[in-house]
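S.K.: Can you read through this structure? Questions will come right after.
Throughout, read-outs are computed from the coordinates displayed, never taken from laboratory work. Only a predicted model underlies this, so the values are computations on that prediction, with no experimental measurement involved. Every residue, glycine among them, receives a Cβ derived from its backbone with ideal geometry; neighbour counts consider all protein chains shown.
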Amino acid sequence: MSKLAINGAKPLRDIESNPWPKWPVWGDEEKKQLIEVLESGHWSYNGPKEQQFNKAFAEFIGSKYAISAANGTVTLQLALEACGIGWGDEVIVPGLTWQATAAVILDINAMPILVDVTEDTWCIDQTRIEEAITPRTKAIIPVHLYGSFADMDAIMEIAKKHGLRVIEDCAHKQGGQWKDKKAGSIGDAGSFSFQLSKLMTAGEGGALTTSDPEIYEKLDALRNCGRRPEGKQDDQRTDGFYGDEGNFIQSGNYRITEFQAVMLIEALKRLPEQNKLRDENAIYLNSMLAELPGIKPMRRDERETAEAYYNFTFRYQKDEFKDLPIELFRQALTKELGFAVEACYKPLNQCSLYAPLTKPWRHHITEEYWEQINPARFDLPVCQRVYEEESACFHFNVLMSSKKDMDIIVEAIEKIYENCDELK
Ligand SMILES: *Cc1c(COP(=O)(O)O)cnc(C)c1O
């Protein structure tokens with residue numbers, strides 16, 4: 001008789017009677033304030049809720065300014081534009097990330113340069129950055145992926161040495177802390193996503209953080225059709241536009257609504273406690289995973305003083321599981337536990353959602369430019385190995401439970417280990 005749930009046996013966890021914590025989380029305060037906004041008629045455009053959120057978020061991150069925007073994709077694009085990056089420039093990004101990190105570079109006509117990651121953090125390999133720098137390089141976008149941090153000390157040093165901008169992609173890292181600084185307050189700008197699956201959410205949404213007043217003003221103009229930041233309009237100028245006469249900024253509308261701002265104000269209040277619970281459970285789970293054959297926990301750098309987890313991740317070693325393919329391992333684990341255990345992002349040099357050549361109507365792609373941006377020209381052996389052979393990832397909602405719930409994850413892995421002959 002089979003023992004594994006993937007073969008029809010009883011799963012280790014009965015999610016009917018014992019479900020995993022739900023995401024998103026919300027309460028009466030959201031309801032109350034959403035109705036307030038509804039009845040006020042002030043649904044958007046630099047409203048009081050948006051201003052309140054921007055102020056609270058800047059304070060929380062420890063940067064001088066925060067600006068909310070439509071999502072965590074345009075925030076990256078606007079940050080690049082605010083740093084003056086565009087046609088002909090190169091921007092360094094990790095090969096393992098959500099496609100948006102690189103796609104926005106194409107959207108501003110610059111060239112994404114893909115760099116491999118480290119095997120035990122899956123973040124950009126700081127030792128491979130300098131070899132990717134050319135006279136055209138203008139910026140680095142480190143991504144603090146899943147439950148890890150890019151090595152910000154090394155990255156800031158390289159950036160300083162070569163005169164590069166650093167835009168932190170913090171879509172996974174609301175509240176994560178490197179030494180005494182929160183993610184998003186270390187580089188020139190931080191970019192955050194508030195999409196539904198992220199650690200803070202308004203359904204959709206994003207924010208930028210910076211402590212540079214020039215970048216801030218430009219960002220504010222860029223997200224608001226090129227308008228001059230409010231409060232700046234009492235000077236000599238009456239036209240309301242940002243920039244020098246005859247040199248205005250052409251931009252679009254990337255604003256959020258007051259409804260989103262309400263959701264974010266409340267999400268931010270809950271975040272510290274949620275992060276603390278997730279981090280405690282993750283530390284506990286990692287300490288147990290370290291004891292299991294065939295499982296390697298991620299390396300947590302001592303400089304990560306508080307971790308934030310978009311996904312909890314670990315590394316699978318199939319030779320210890322009698323060569324059980326990782327797809328079967330993940331499927332078997334999914335069946336035992338009742339939540340999805342998935343692979344990491346597909347490396348950008350083989351990702352179908354990252355296809356730079358598919359916009360010929362928008363970009364003038366010359367032979368030379370195509371060669372430069374062609375993702376296939378980048379060699380990313382670590383990204384590829386992690387994706388194809390090692391990665392196991394699940395959403396952070398699972399970490400919002402008890403230590404006992406972490407024990408069952410370990411039990412499920414042990415159960416598969418002991419019964420992997422069943423899957424031959
Ligand atoms: C989610 C995400 C983004 C984009 O954010 P959206 O709000 O979905 O546009 C960018 N980078 C990373 C790493 C992400 O996970």
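S.K.: Lys and Arg at +1, Asp and Glu at -1: add these up for the other residues within a Cβ distance under 11 Å of Glu36 and post the number.
M.R.: Values: positive: Lys31, Lys32, Lys49; negative: Glu29, Glu30, Glu39, Glu258.
Net local charge, Glu36 excluded: -1.
S.K.: Using 1/(1 + (r/R0)^6) with R0 = 45 angstrom and r between the beta carbons of Glu302 and Leu38, what's the FRET efficiency to the nearest 0.05?
M.R.: Result of the calculation: an efficiency of 0.40.
S.K.: Looking at Trp43, Thr134, Pro94, which one has the Cα that reaches farthest to the positive end of the dipole of region 28-267 (charges on Cβ: Lys, Arg +1; Asp, Glu -1)?
M.R.: So the residue we want is Trp43.
S.K.: Sticking with this one: Would you calculate a helix-derived [θ] at 222 nm for the chain, using -39,500 (n - 2.57) for each DSSP H run of n ≥ 4 and dividing by the full residue count, to the nearest 500?
M.R.: Calculated mean residue ellipticity at 222 nm is -10000 deg cm²/dmol.
S.K.: I need the per residue convex hull volume for region 28-267, using only the alpha carbons, in cubic angstrom as a whole number.
M.R.: Working: hull volume 30.1 nm³, N = 240.
Hull volume normalised by residue count: 126 Å³.
S.K.: Exceeding 26 Å between C-alpha atoms, which entries from my cross-link table qualify? They are Lys161/Lys181; Lys49/Lys179; Lys335/Lys403.
M.R.: Lys49/Lys179
S.K.: If you don't mind, there's one more thing I want to ask. Below 10 angstrom from the Cβ of Gln174, what's the summed charge of the other residues (Lys, Arg +1; Asp, Glu -1)? It would help to have the intermediate numbers written out before the result.
M.R.: Details: positive: Lys173, Lys182, Lys198; negative: none.
Here the count lands on +3.
S.K.: Given an 8 Å cut-off on Cα distances and at least 6 residues of separation, report the relative contact order of the chain as a percent.
M.R.: Computed over the chain, the figure is 22 percent.
S.K.: If the only charges are +1 at each Lys and Arg Cβ and -1 at each Asp and Glu Cβ, what is the size of the charge dipole of the chain around the Cα centre, to the nearest 20 debye?
M.R.: On the way: 49 positive and 67 negative charges, 111 e Å.
Charge dipole, the chain, about its Cα centre: 540 debye, nearest 20.
S.K.: On to the next question. Among Ser211, Ser391, which comes first, then next, by fewest other beta-carbon atoms within 10 Å?
M.R.: In increasing order of surrounding Cβ atoms, one gets Ser211, Ser391.
S.K.: Which of Thr101, Thr366, Thr305 moves most in a GNM of the chain, Cα contacts under 10 Å?
M.R.: In this elastic network of the chain, the residue with the biggest mean-square fluctuation among Thr101, Thr366, Thr305 is Thr366.
S.K.: Two decimals is fine: what is log10 I(q)/I(0) at q = 0.08, 0.18, 0.21 Å⁻¹ for region 1-155, from a Debye sum with one equal scatterer on every Cα and no solvent?
M.R.: -0.42, -1.11, -1.30
S.K.: Tell me, what ³J(HN,Hα) does each residue in region 419-424 have, in order and in whole Hz, if you take phi through Karplus 6.51 cos²θ - 1.76 cosθ + 1.60 with θ = phi - 60° and put x for Gly and Pro?
M.R.: Result, rounded to whole Hz: 10, 5, 4, 4, 9, 6.
S.K.: Continuing with the same structure: Evaluate E = 1/(1 + (r/R0)^6) for Ile15 and Asp379, where r is the Cβ-Cβ distance and R0 equals 35 Å; express this FRET efficiency to the nearest 0.05. Can you show the working numbers first?
M.R.: Numbers: r = 42 Å, r/R0 = 1.19.
Result of the calculation: an efficiency of 0.25.
S.K.: Let me ask you something else. What does the convex hull of the alpha-carbon atoms of region 288-424 project to on average, in nm²?
M.R.: 11.6 nm²
S.K.: Further question: Treating the angle as unsigned and between 0 and 90°, give the value, to the nearest 10°, between the Cα long axis of helix 152-162 and the longest Cα principal axis of the chain.
M.R.: 40 degrees
S.K.: Write down the Kirkwood hydrodynamic radius of the chain, to one decimal in angstroms, obtained as one divided by the mean of 1/r over all alpha carbon pairs.
M.R.: Hydrodynamic radius (Kirkwood, Cα only) of the chain equals 22.8 Å.
S.K.: If amide hydrogens are placed 1.01 Å from N in the peptide plane, which non-local residues have theirs closer than 5 Å to the one on Val117?
M.R.: Here Gly95, Asp125, Val382, Cys383 satisfy the definition.
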